[in-house]
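Chemist: The structure follows.
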Amino acid sequence: MDFLDRLDIDVSLKILTYLEDPSDLVRVSSVSQSWRNFVIANGLWKQLCLRMFPQLSRVAHVIGLNKCRATEPVEAGSSYSKEWESLERNDRAYALLARACTSFIVRDCISEAIVASSTDNYPVESIDNTLVALRHLYWSSKGQSNPEVPERLTYKLADDFCVITEINISPFQAYFQTGEPIYSAKAVRFRMGHPKGPADVGNYLLGDLSPGSADEKFIWTYTSQEFPMAQESGLQKFKLPEPVLCVGGILQIELLGRVQRQETDGLFYTCVSYVQVMGRLLSPTFGVEILEPSGKFVLEIKNNTLVEFQPQPSIPSADQLQGRLRDLQHLVYIGNILQGNVAVDMDEFELGEEEEENLL
């Protein structure tokens, strides 16, 4: 007995919506032509994706390669034919999306740093330093007498359409200060979104974005809960309760509260050594176009098969890294003399053999 033929449609839908694994829905679509048509007609792939990622409720429509074969015997050119073609396109798009979001390789998704809400000594303590896993490099906020003043670090992801699963942060330990204090935050929170318009995209790509104007240039479509941060220098992992679909490719880290006071000036600072954003990049199979001012977006299928993004990292040579560290040595040395801080031992900045091997 085929229960889809015997049961009421609502009851059949109720049963099939208990399927949460994309592979199960693939099997359902493969049982027979009638079951396949049932999946398409009732948008079961779209319903599954919406349960996985509520952010997809902002999809205005789907466009893609017109390679779907009509499975319903319909009259050519009829309105029903066009409606069925749209249903098939949506079925294909959401089926591909669900499978990509659960099968693509999890990797670091950061492309570049955009701006920090404040920087103590620029460019020595720039946000750019948080993209390199070296203990000598770090970003530092400006000092504050109020330990509750927050800081924000904003990044561009490697894709405008990606699934983020966790963010990892390593607070900076000031090995050159007495007691080697750790300048962590009390807690962290994460926001994801997109630029308000094309002009804002150009501004941040050109670096023409002041710390005070950053929040005015982006629309945040997701805000996480607060995660407590430990007073530890190692890489701390903050796993999101559910994977989040980031549409627009912008991620912001909010560092809430300050723990460590600097001995020389009595002010509170927050410092970060390294940031890593783990997730799945969905291009070149998918693309998005954000529609302003509504905030909805067009989901585009660029390839009818699952093709993963293959980043080509630009890895600096050992000579380039040594040159950058030598420049930083001089800047840090001069900065500490001017501020009356503890002098820095230049030998501390030399790369060890293990660090050089990791970089190469």
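What follows is calculated from the coordinates using simple rules that are stated; it is not laboratory data. These numbers were taken from a predicted model, which means no experiment stands behind them. Note that we place each Cβ from the backbone using ideal geometry, even for glycine, and neighbour counts take in every protein chain shown.
Chemist: Pull out the extension gain between Leu306 and Ser23, defined as 0.36 nm times the separation in residues minus the alpha carbon to alpha carbon distance; nm, one decimal.
Modeler: Separation in residues times 0.36 nm, less the Cα-Cα distance, equals 100.4 nm.
Chemist: Any idea how far the Cα center of region 256-302 sits from the one of region 1-67, in Å?
Modeler: One Cα centre to the other: 33 Å.
Chemist: Next question. For region 107-280, just list the percent of Cα-Cα distances falling in each 5 Å bin from zero outward, please.
Modeler: Binned Cα distances yield the sequence 2, 9, 19, 22, 21, 15, 8, 3, 1, 0.
Chemist: Which of Ser294, Ser81 comes first, and how do the rest follow, when ranked by fewest Cβ neighbours within 10 Å?
Modeler: Fewest-to-most Cβ neighbours within 10 Å comes out as Ser294, Ser81.
Chemist: A further question on this structure: Net charge around Phe172, counting only other residues with Cβ within less than 11 Å of its Cβ (Lys, Arg = +1; Asp, Glu = -1)?
Modeler: That sum, taken over residues with Cβ under 11 Å, equals -1.
Chemist: Right, next: Got a sec? How would His61, His136, His194 order by Cβ neighbour count within 10 Å, fewest to most?
Modeler: His61, His136, His194
Chemist: Treating cross-link reach as a plain straight distance, find the lysines whose alpha-carbon is under 24 Å from the alpha-carbon of Lys239, omitting any fewer than eight places away in the same chain.
Modeler: Straight-distance partners of Lys239: Lys156, Lys186.
Chemist: For a footprinting-style exposure proxy, rank Trp45, Trp220, Trp139 by other Cβ within 10 Å, fewest first.
Modeler: Trp220, Trp45, Trp139
Chemist: For region 3-103, what size does the Cα cloud have along each of its three principal axes, sorted from largest down, in whole Å?
Modeler: 36, 34, 21
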